[in-house]
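K.L.:
Sending over a structure as structure tokens; questions will come in a sec.
The values are calculated or read from the model by the stated rules, or taken from the named source; none is laboratory data. In this text the structure is predicted, and so the values were computed from the model without any measurement. When we count neighbours, we look across all protein chains shown, and the Cβ atoms used for this are built from the backbone with ideal geometry, even at glycine. The area values use the complete protein model at the heavy-atom level, side chains included, leaving out ligands, DNA and RNA. Shrake-Rupley method; radii C 1.70, N 1.55, O 1.52, S 1.80 Å.
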Amino acid sequence: MKKIITIFVAIALSTSMLKAQPISDMGVIPIGVTLNSILRLEIVSGGNIEFVVSTIAQYTAGIANLPVYDTNFTVSSSRNFDVDLYSENVDLVNVDGGANMPLDNIGYTITELGTGADGTQWDLAAGIQILDDTPAITIVDGIVGAGAGNSAQNDFVINWELATAAVIAANTTAETLLVQSLAGGRYITNVILVLTSKL
Amino acid sequence: MAKFVVALIFIFLSFFGLTQNTTARLTIESGSSVYFNINSFTKYQNGLDYSNWTRLRVYFIDTTALGAVSNKRWRITVEAMAGNIQGDAGNTLNLNTIELQAICADATGKGIVALPIPGSPIELLDLGTNNVNASLVQISYYCGQSLTVANNLLGQPADYYFVDIVYTLEGDPATSP
């Protein structure tokens, strides 16, 4: 009996060693992703706007927008963005050195031309805007999660006009060119478009 | 009594020969690192992919008593080693920005999968044939292509992002020896 019990104990001890251990192997791969910032503004056309006032009617009513007074620009951006617009100078500078012309004789509106939509991808400055030298005037305000896109989506037109009734109603000078009695000559300023990315 | 004890010892030792034998070995043959450089608008919009970039070699054999090949199969799983794709400047990308697919003539592919979080490995291949030596596994990578989930890169901040992923070769639990 003792021998039988001993045999069973031996068998019981040996079977405890029949459990197989799981075998596996591993490999580690590092993955890197570099996102280069894409932020590009291109002036497609209308990079030089020239108003020529040569009739009393134009001195009185100003010069309304025509395609020749349009600036078309596009934005390609990998992130949401804003576009600011401002004048480099406080006034339109008289190239002949005389008195300058008030900057607020220049007005503009902005519209979309591409596949993007105002209110969906970005908010465009609404209505007539008056040219100013303040750097913080945003004409395109990107909407979070929607502004990033290529030039086909972010295609804009600035429609310039000079001393029209709409401009006079919105500006500070509030006078026609005729009433301002400006000396004949050429008055210039540079307009700066600033593209900045944002969240 | 002494003879009896010796006999018991022999019985004891003989049971060692009845345990299951499994050997699994995974070797990275090429493509041991993956690098996506998104430097154009087209790449932001369409993403980037590397087909059959990583090549793995699988050695797997599972035997039962006395060296007979069992019915056990193998599988390969993948998981990330971090909860997101970390950027050097503190930005993060979601793990599912990276999608993968594995193919192997000796196993069944599970299609394209998004990179899973640590602790939740996803099968890339299963039902791998037992008793294979240097079976070739090719892995393709897709970045920002929205193949299984929406993972477009547009709008993501510029940064250098990185994550380690781990492939595990193991016996397929869905099969028994």
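K.L.:
Which ones in the range A:26-67 are within 14 Å of another protein chain (Cβ to nearest Cβ), crowded, with 17+ Cβ neighbours inside 10 Å and assigned to a loop (DSSP other than H, G, I, E, B)?
P.N.:
Of everything in the range A:26-67, just one residue is within 14 Å of another protein chain (Cβ to nearest Cβ), crowded, with 17+ Cβ neighbours inside 10 Å and assigned to a loop (DSSP other than H, G, I, E, B), namely A:Ile38.
K.L.:
Given (1) surrounded by fewer than 21 Cβ atoms within 10 Å (Cβ to Cβ); (2) within 30 Å of B:Ala89 (Cα to Cα), where does A:Ile23 come up short, assuming only one miss?
P.N.:
So the condition that A:Ile23 fails would be (2).
K.L.:
Of the residues that sit in the range B:104-126 and are exposed (fewer than 15 other Cβ atoms within 10 Å of the Cβ) and touching a residue at least 40 places away in the same chain (Cβ under 8 Å), which one is nearest to B:Ser176 (Cα to Cα)?
P.N.:
Going through the qualifying residues, I end up with B:Ile122.
K.L.:
Restricting attention to the range B:148-175, which residues are surrounded by 16 or more Cβ atoms within 10 Å (Cβ to Cβ), in a loop (DSSP other than H, G, I, E, B) and touching a residue at least 12 places away in the same chain (Cβ under 8 Å)?
P.N.:
B:Asn151, B:Leu153, B:Leu154, B:Gln156, B:Pro157, B:Asp172, B:Thr175
K.L.:
Could you please find all residues in the range B:91-103 being open to solvent by 50 Å² or more (accessible area, probe 1.4 Å) and part of a loop (DSSP other than H, G, I, E, B)?
P.N.:
B:Asn94
K.L.:
Scanning the range A:140-157 for residues that are open to solvent by less than 20 Å² (accessible area, probe 1.4 Å) and touching an Asp or Glu at 6+ places or on another chain (Cβ under 7 Å), which turns out farthest from A:Asp82 (Cα to Cα)?
P.N.:
Here the residue is A:Val157.
K.L.:
Oh, and also: Which of the residues that make up the range A:75-90 are within 15 Å of B:Gln45 (Cβ to Cβ) and either over 14 Å from the mean Cα position of the chain (by Cα) or part of a strand (DSSP E or B) (or both)?
P.N.:
The answer is A:Val75, A:Ser76, A:Ser77.
K.L.:
What's the number of the only condition in (1) more than 15 Å from B:Tyr142 (Cβ to Cβ); (2) surrounded by fewer than 19 Cβ atoms within 10 Å (Cβ to Cβ) that B:Gly87 fails to meet?
P.N.:
(2)
K.L.:
Something else about it: From A:Val33, A:Val9, A:Val52, grab the single residue that is at pLDDT 95 or above and either in contact with a Cys (Cβ under 7 Å, 6 or more places away or on another chain) or over 30 Å from A:Glu175 (Cβ atoms) (or both).
P.N.:
From the options A:Val33, A:Val9, A:Val52, the qualifying one is A:Val33.
K.L.:
Report, by residue number, each residue of the range A:26-58 that is under 30 Å from B:Thr27 (Cα atoms) and more than 26 Å from the chain's Cα centre (by Cα).
P.N.:
If the condition is that a residue be under 30 Å from B:Thr27 (Cα atoms) and more than 26 Å from the chain's Cα centre (by Cα), then A:Met26, A:Gly27, A:Val28, A:Ile29, A:Pro30, A:Ile31, A:Gly32 are the ones that fit.
K.L.:
Looking at (1) in contact with a Phe, Trp or Tyr (Cβ under 8 Å, 6 or more places away or on another chain); (2) exposed (fewer than 15 other Cβ atoms within 10 Å of the Cβ); (3) closer than 28 Å to B:Thr22 by Cα, which one does B:Trp74 not meet, given that it meets all the others?
P.N.:
Tallying (1) in contact with a Phe, Trp or Tyr (Cβ under 8 Å, 6 or more places away or on another chain); (2) exposed (fewer than 15 other Cβ atoms within 10 Å of the Cβ); (3) closer than 28 Å to B:Thr22 by Cα, B:Trp74 fails exactly one: (2).
K.L.:
OK, next. Looking at A:Val140, is it out of contact with any helix residue (DSSP H, G or I) (no Cβ under 6 Å at 6 or more places or on another chain), not in a strand (DSSP E or B) and not charged (D, E, K, R)?
P.N.:
no
K.L.:
Go through the range B:137-160 and count every residue that is at negative phi, within 11 Å of chain A (Cβ to nearest Cβ) and under 22 Å from the mean Cα position of the chain (by Cα).
P.N.:
4
K.L.:
In the range B:33-54, what count of residues is obtained for those that are open to solvent by less than 70 Å² (accessible area, probe 1.4 Å), under 19 Å from the mean Cα position of the chain (by Cα) and facing chain A (nearest Cβ under 9 Å)?
P.N.:
So the answer is 3.
K.L.:
Moving to a separate point now. Between residues in the range A:176-199 that are open to solvent by 70 Å² or more (accessible area, probe 1.4 Å) and residues that are of a type in the set (Phe, Trp, Tyr), which pairs lie under 7 Å by C-beta distance while being six or more apart or on different chains?
P.N.:
Cβ pairs passing all conditions: A:Leu178/A:Tyr59.
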